1. When the accessible area of the chain is computed with all protein chains present and a 1.4 Å probe, what percentage of it is carbon and sulfur?
2. Just to confirm, what accessible area per residue do you get for segment 21-85 at 1.4 Å probe, in whole Å²?
3. Need one number for the chain: average projected area of the convex hull over its C-alpha atoms, nm².
4. Taking the full set of protein chains and a 1.4 angstrom probe, give the accessible area of residue 22 in square angstrom, rounded to the nearest 10.
5. Could you state how much accessible area residue 65 has, in square angstrom rounded to the nearest 10, with a 1.4 Å probe and all protein chains kept in place?
6. With everything on Cα atoms, drop me the angle between helix 60-80 and the longest principal axis of the chain, reported from 0 to 90° to the nearest 10.
7. Less than 14 Å Cβ to Cβ from residue 68, Lys/Arg counted +1 and Asp/Glu -1: what total charge do the surrounding residues give?
Amino acid sequence: KEPVVDPLMTHKECPRCDREGRPSLLPLRAFGVARRRKDGKNSWCKSCCSEASLAWQKTEVGRIKHIEAVKRYRERMRFRGVPCS
């Protein structure tokens, strides 16, 4: 299902930026793609998503899950014949 994008919409608010006290009204290019959302964009901006991801990976559980995900990715690529470093 294709997202319904309003052609007049040029900016969107990031709720996490709003909570952090940063400017929250950002251009659409600051948001990543989310195909399941109605407007086709993530609710958080790219920088907030990046910050949250890095913070999660620094926790013990997040570090373990990240390592497991990297192992699964490398295993999939090995079967496809793609060299992983």
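1. Values: 3970 of 7090 Å².
About 56 percent, which is the carbon plus sulfur part of the accessible surface.
2. 81
3. Hull-based average projected area comes out at 8.2 nm².
4. Using a 1.4 Å probe on the heavy atoms, I get roughly 80 Å².
5. Surface accessible to solvent at residue 65 totals approximately 110 Å².
6. 70
7. +4
The values are calculated or read from the model by the stated rules, or taken from the named source; none is laboratory data. The structure presented is a predicted model; accordingly, all values stated were derived computationally and were not measured. Glycine gets a Cβ as well: all are built from the backbone with ideal geometry, and neighbour counts include every protein chain shown. All accessible areas refer to the heavy atoms of the entire protein, side chains included, with ligands and DNA or RNA removed. Shrake-Rupley method; radii C 1.70, N 1.55, O 1.52, S 1.80 Å.
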